[in-house]
Amino acid sequence: MNKYVKNLNRIEFLVTLACTGHCKHCSEGDHAGFTEHLDGTCAAKAVDDICHVYKIDSLMVFGGEPLLYPEDVCKIFEAGKKAGIRRRDLITNGYFSKDEKLIQEVAEQLAKNGLNRLLLSVDAFHQETIPLEPVMAFAKCIQYTGINIELSPAWLVSQDDNNPYNVKTREILKLFTDVGLGLGTGNVIWPEGNARIYLKDYFNLSKEYVNPYEDDPRDVKSVSIEPDGKVLQGNIYQDNIIDILENYRPM
Ligand code: SF4
């Protein structure tokens, strides 16, 4: 087995960069007009292939807004469940439709296909461009299915800081905790993408910030598959994922 990926235990799918939000803290920068998304069947095959060789503990699906493509997302979770991956997470802003029937159907399909934890991004930044009502409707539908749902806000500077964004975030979170939703730790914004432009006054840009999500390239524990199929030095649309993992070399 390739020594650089022998400890692989997590698969991530960045399903799309298309999004219903336009957040000023978004680490992906301005991605307006993006429409490309990962094919669910191909992604599911990658999950299946990887799990035949590696012991995968965790599967994560995120975006952009991944629920713009719910069928593809469900195929990924179905494959993860079949392969016995214990932890199957989705990060979403909760806004993909205003149609209550569709919102309910998507929640039911996610439950049926094996999603077991949903991290809901709600805070002052998301709610500048994303309406609360459909997000709340979706959260309640997820709650009803029994999927574990956790509020996952973005904090500016730190969770305890009392800047105006964090104050607004606490007000928004209260609306959700009042209906029984649990609050997770969320994350602290780091200066990348839009945050580096629109929130620069909150950072010391002469200091080096370390991206908390970056893996050691000589000991890859997590692979992230992009909307166009790219992963490490290959592409799941052209190559078998096991060959991609075997041929990987750190640059
Ligand atoms: S932070 Fe999330 S919801 Fe906001 S624009 Fe970026 S991807 Fe979309």
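The values are calculated or read from the model by the stated rules, or taken from the named source; none is laboratory data. Treat the numbers as computed from the prediction; the structure is a model and nothing was measured. With ideal geometry, Cβ positions are generated from the backbone for all residues, glycine too; neighbour counts draw on all protein chains shown. The protein model used for the area step is the full one, side chains on, heavy atoms only, and it has no ligands, DNA or RNA in it. Shrake-Rupley method; radii C 1.70, N 1.55, O 1.52, S 1.80 Å.
For the residues Ala43, Ala83, the requirement of being open to solvent by less than 10 Å² (accessible area, probe 1.4 Å) and more than 16 Å from the ligand (Cβ to nearest atom) singles out Ala43. With respect to the conditions (1) charged (D, E, K, R); (2) assigned to a loop (DSSP other than H, G, I, E, B); (3) in contact (Cβ under 8 Å) with a residue 60 or more places away in the chain, Glu246 falls short on a single one, namely (2).
Any residue at all in segment 173-181 that's in a loop (DSSP other than H, G, I, E, B) and open to solvent by 70 Å² or more (accessible area, probe 1.4 Å)? Within segment 173-181, one or more residues are in a loop (DSSP other than H, G, I, E, B) and open to solvent by 70 Å² or more (accessible area, probe 1.4 Å).
Scanning segment 16-74 for residues that are of a type in the set (Gly, Ala, Ser) and part of a strand (DSSP E or B), we see that the one that is farthest from Ala107 (Cα to Cα) is Ser58.
Selection within segment 154-172: residues that are part of a loop (DSSP other than H, G, I, E, B) and touching a residue at least 24 places away in the same chain (Cβ under 8 Å). The member of this set that is nearest to Ser27 (Cα to Cα) is Leu156.
Looking at Asp89, Asp30, can you tell me which residue is charged (D, E, K, R), within 14 Å of the chain's Cα centre (by Cα) and within 16 Å of the ligand (Cβ to nearest atom)? Let's see the steps before the verdict.
Details: Asp30 fails: within 14 Å of the chain's Cα centre (by Cα).
Only one candidate passes the filter, namely Asp89.
If the condition is being assigned to a helix (DSSP H, G or I), among the charged types (D, E, K, R) and either buried (at least 19 other Cβ atoms within 10 Å of the Cβ) or more than 14 Å from the ligand (Cβ to nearest atom) (or both), then segment 107-153 contributes Glu108, Lys112, Glu133, Lys140.
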